Amino acid sequence: MQNLYIKRLRTQETKRLTTTEFVIGRNADADFFIRGNQMISRLAAKIHYSNGKYYIQDVGALNGIFVQDARLPRQSKAEITEGMTIQLADEKFTLFVDIQADIQIDTQIDAQIQIEKKRKLCTHKWESAMVNSERIWFVCKKCGERKEEWR
Ligand SMILES: [Zn+2]
């Protein structure tokens, strides 16, 4: 997947388009939940990803969808790319590729891998953390792993 992001200009909220079907709307279940604007439909737009391209579709936006100031016919799709502006009701959204954010995400993944590696290599140093009449819980002082034993 190309690493495309969408930003709601009014609030600066930004979401990464991470799924093959990304839903935007005033519905808490939406991938991009638009709060505080009654003019935006519950299910306003869908962004599809296929064959390396992103497409936006009007799936019932009350006030239509504008891509680069051109109205998208209802139920039809338009290809969208980095640098474009989308308008839903009275709100504008921009599309961009954030290399810096990608590096941060990669760094987080790397850090997670390091923790997992460390955990595998650790010769645990157990310390009892909790006791009840049946069991003792231990935590490794070095890697944080937990185990429990019957008393
Ligand atoms: Zn350990």
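None of the figures in this text is laboratory data; all of them are computed from the coordinates on show. Keep in mind that what you see is a predicted model, and the values were worked out from it rather than measured. Every residue, glycine as well, gets a Cβ built from its backbone with ideal geometry; the counts of neighbours run over all protein chains shown.
Fully extending the segment from residue 81 to residue 121, taken as 0.36 nm per residue of separation minus the present Cα-Cα distance, adds 10.0 nm.
Over the Cα atoms of the range 4-97, each weighted equally, I'd like the Debye log10 I(q)/I(0) at q = 0.13, 0.18, 0.25 Å⁻¹, rounded to two decimals. For the range 4-97, the Cα-only Debye profile gives -0.35, -0.71, -1.58.
Too long at a 27 Å Cα-Cα cut-off: which of 118/147; 15/53; 15/120?
Cα-Cα > 27 Å for 15/120; rest within.
Between residue 142 and residue 92, the contour length at 0.36 nm per residue exceeds the Cα-Cα span by 13.1 nm. For the range 46-151, GluC sites (Glu not before Pro) are listed when DSSP marks them as loop and at most 15 other Cβ atoms sit within 10 Å of their Cβ; the list is 82, 134, 145.
In the range 1-45, which residues have a backbone nitrogen under 15 Å from the label point lying 7 Å from residue 99's Cα in the Cα-to-Cβ direction? Within reach of a label on residue 99, which here means backbone N under 15 Å from a point 7 Å along Cα→Cβ, the range 1-45 contributes 3-4.
Only Lys, Arg, Asp and Glu carry charge here, each on its Cβ (+1 for the first two, -1 for the last two); on that basis the chain has a dipole of about 400 debye about its Cα centre.
Peptide packing for 70-77, 5-12, 42-49 was compared via the average number of neighbouring C-beta atoms within 10 Å per residue; ordered from the highest value, the list is 42-49, 5-12, 70-77.
Comparing 60, 36, 83 in a Gaussian network model of the chain, where Cα atoms under 10 Å apart are tied by springs, the biggest mean-square fluctuation is seen for 36. Seen from residue 21, the other residues with C-beta closer than 15 Å to its C-beta sum to a net charge of +2, counting Lys and Arg as +1 and Asp and Glu as -1.
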